[in-house]
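Worksheet: one structure, shown below.
The values are calculated or read from the model by the stated rules, or taken from the named source; none is laboratory data. These numbers were taken from a predicted model, which means no experiment stands behind them. Cβ: placed from backbone, ideal geometry, glycine included. Neighbour counts: every protein chain shown. SASA here: full protein model, heavy atoms, side chains in, ligands and nucleic acids out. Shrake-Rupley method; radii C 1.70, N 1.55, O 1.52, S 1.80 Å.
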Amino acid sequence: ETTHPPLGKLIISLGIMLFGMTPFGWRFMGTLAGVVMVPLFYLICKKIIKSRHIAGAAAVIFAFDFMHYTQTRLATIDSFAVLFVMLAYYFILPFCFCDFNKQPFKKSMLPLLLCGISFGLGAAVKWSCIYSAAGIGVILLSVWIRGFIKSSGFAGYPQKLAKSLLWCVVCFIALPAVIYFLSYLPQMRYDLNGRSPIEYVAHNQLGMYKYHSELKATHPYSSKWYEWIINKRPLWAYIDGEQKEQGIISSIASFGNPAVWWTGILAIPGCLYPGTFKKRREFLFPVIGYASMLAPWIFVSRTIFIYHYFPCVVFLCLAIACCMDYLYELRIIRKREIYGFCLVVLVLFVMFYPVLSGYGTTRQYVESYLKWLDTWTFYN
């Protein structure tokens with residue numbers, strides 16, 4: 001299978017090595033990645049807003065988003081792609097908030113190195129992870145520009161900037177290229193066919209590009225990027241035909257928790273005001289991450305699906321947390337409202353659980369309580 005780089009499939013194979021070529025075996029690693037995402041999300045959130053109870057509430061919101069649950073239970077590579085994007089942004093955070101002129105260069109070397117490694121691992125899973133480079137680049141550029149503005153009286157700024165740029169070339173170009181190449185080694189053992197390793201990898205890149213750029217196939221559950229934002233069309237992934245004959249709906253659809261996604265429509269622009277005018281520049285972090293993972297899809301004309309929005313959901317939940325924190329500081333909301341929103345998210349998760357998990361339920365229940373929009377398909 002050569003439509004994506006090898007690393008995600010290699011990670012899936014670890015679960016198969018442990019548990020055999022069974023549904024549990026091929027789904028294990030993706031589900032494990034989904035579990036790891038929750039505490040990682042909490043740590044990212046805690047670094048941005050400092051409040052433990054709001055970071056904890058946001059982690060609950062993220063954990064019970066429908067797409068997080070559904071996608072990490074399927075044997076696809078998207079779980080690993082999202083996890084590595086999260087790690088890349090987690091490791092860039094210390095550099096994001098530093099004073100470039102005052103912080104010793106050596107102190108920023110390790111976070112940038114770990115960010116670059118995470119970026120390289122993500123790229124070796126799926127090309128869409130490369131989109132995160134735009135957000136990381138904006139963060140780096142903003143730190144350097146702030147440093148330049150404040151560099152009056154600091155004669156060492158040009159030298160420090162030069163070292164930082166050189167280190168970024170190592171971390172975000174050279175190292176990811178090495179990681180990407182190495183991910184092909186297991187595949188090369190069986191498939192070189194007389195080509196050199198470099199020729200093999202180059203040929204595979206051309207094949208992937210041609211596959212995606214020339215894809216003409218259509219799909220009834222495909223959707224456009226702007227439809228993802230409003231949660232318009234789920235990707236209907238599975239139905240149990242035998243239970244359907246017995247009048248039971250056992251179905252799996254990948255889409256978002258309405259409370260999370262529709263609130264996020266307000267939360268992303270809601271971060272701009274305090275981030276721009278109230279000196280809360282950390283509130284721009286989820287906006288940058290969200291834009292970097294969504295904007296490239298605007299220019300993709302081939303068939304795409306709502307699960308491509310999965311990386312954006314991370315930053316959507318971060319934006320909700322930031323808005324909660326800002327409104328809490330202004331005393332517009334209290335803990336009661338924050339925990340109340342978490343309860344709404346949890347109730348909706350339980351309510352929609354049958355069409356997220358394949359758990360059997362009646363057609364009447366699906367029709368009466370779950371089909372909120374005409375475009376939400378859970379059976380045929």
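Checking each residue in segment 187-239 for being part of a loop (DSSP other than H, G, I, E, B), polar (S, T, N, Q) and touching a residue at least 12 places away in the same chain (Cβ under 8 Å) picks out THR218, SER222, SER223, ASN231.
If you go through segment 142-179 and keep only what is among the β-branched types (Val, Ile, Thr) and in contact (Cβ under 8 Å) with a residue 24 or more places away in the chain, you end up with VAL143, VAL170, VAL178, ILE179. The single residue among PHE97, PHE91, PHE84 that is modelled with pLDDT under 95, more than 25 Å from TYR238 (Cβ to Cβ), open to solvent by 20 Å² or more (accessible area, probe 1.4 Å) and of a type in the set (Phe, Trp, Tyr) turns out to be PHE97. Condition first: among the small types (Gly, Ala, Ser) and at pLDDT below 90. Now tell me which residues in segment 197-233 satisfy that. Within segment 197-233, SER213, ALA217 qualify. Listed by first and then second residue, the pairs linking a residue in segment 308-325 that is closer than 22 Å to ALA33 by Cβ and touching a residue at least 24 places away in the same chain (Cβ under 8 Å) to a residue that is assigned to a helix (DSSP H, G or I) and of a type in the set (Asp, Glu), with Cβ atoms under 8 Å apart and 6 or more places separating them unless they lie on different chains, are PHE310/ASP78. With respect to the stated conditions, SER142 is under 30 Å from LYS106 (Cβ atoms), polar (S, T, N, Q), assigned to a helix (DSSP H, G or I) and open to solvent by 30 Å² or more (accessible area, probe 1.4 Å). Only helices (runs of 4 or more DSSP H) whose full extent lies in segment 258-357 are considered here, and the ones with at least 3 residues that are surrounded by fewer than 21 Cβ atoms within 10 Å (Cβ to Cβ) are 258-270, 272-277, 310-329, 335-357. Just to be sure before I move on: is GLY25 without any contact (Cβ under 8 Å) to a residue 24 or more places away in the chain, more than 24 Å from TYR307 (Cβ to Cβ) and not basic (Lys, Arg) in the structure I sent? Criteria not met by GLY25. Restricting attention to segment 39-75, the residues that are without any contact (Cβ under 8 Å) to a residue 60 or more places away in the chain and of a type in the set (S, T, N, Q) total 1. Would segment 237-248 turn up any residue that is of a type in the set (Val, Ile, Thr), open to solvent by 50 Å² or more (accessible area, probe 1.4 Å) and closer than 19 Å to MET67 by Cα? There is no residue in segment 237-248 that is of a type in the set (Val, Ile, Thr), open to solvent by 50 Å² or more (accessible area, probe 1.4 Å) and closer than 19 Å to MET67 by Cα. Note on segment 6-21: residues that are part of a helix (DSSP H, G or I), touching a helix residue (DSSP H, G or I) at 6+ places or on another chain (Cβ under 6 Å) and in contact (Cβ under 8 Å) with a residue 24 or more places away in the chain amount to 3.
Every residue, every condition in (1) exposed (fewer than 11 other Cβ atoms within 10 Å of the Cβ); (2) under 26 Å from the mean Cα position of the chain (by Cα), yes or no:
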{"residue": "LEU161", "(1), (2)": "no, no"}
{"residue": "TRP167", "(1), (2)": "no, yes"}
{"residue": "TYR190", "(1), (2)": "yes, no"}
{"residue": "ASN193", "(1), (2)": "yes, no"}
{"residue": "TYR209", "(1), (2)": "no, yes"}
{"residue": "HIS212", "(1), (2)": "no, yes"}
{"residue": "THR218", "(1), (2)": "yes, yes"}
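Can you find a residue in segment 124-137 that is of a type in the set (Lys, Arg) and assigned to a helix (DSSP H, G or I)? Looking through segment 124-137, none of the residues is of a type in the set (Lys, Arg) and assigned to a helix (DSSP H, G or I). Just to be sure before I move on: is LEU112 farther than 30 Å from TYR211 by Cβ, in a helix (DSSP H, G or I) and either open to solvent by less than 20 Å² (accessible area, probe 1.4 Å) or not aromatic (Phe, Trp, Tyr) (or both) in the structure I sent? In short, yes.
Look at segment 274-300: where a residue is touching a residue at least 60 places away in the same chain (Cβ under 8 Å) and a partner is open to solvent by 40 Å² or more (accessible area, probe 1.4 Å), sitting 6+ places away or on another chain with Cβ atoms under 6 Å, you get ILE288/VAL138; SER292/TYR131; SER292/ALA134; MET293/TYR131; PRO296/TYR131; TRP297/TRP225; ILE298/TRP225. If the condition is being farther than 9 Å from ALA319 by Cβ and aromatic (Phe, Trp, Tyr), then segment 263-284 contributes TYR273, PHE277. Among the residues making up segment 249-280, those that are modelled with pLDDT of 90 or more, over 25 Å from GLU337 (Cα atoms) and of a type in the set (A, V, I, L, M) are ILE252, ALA253.
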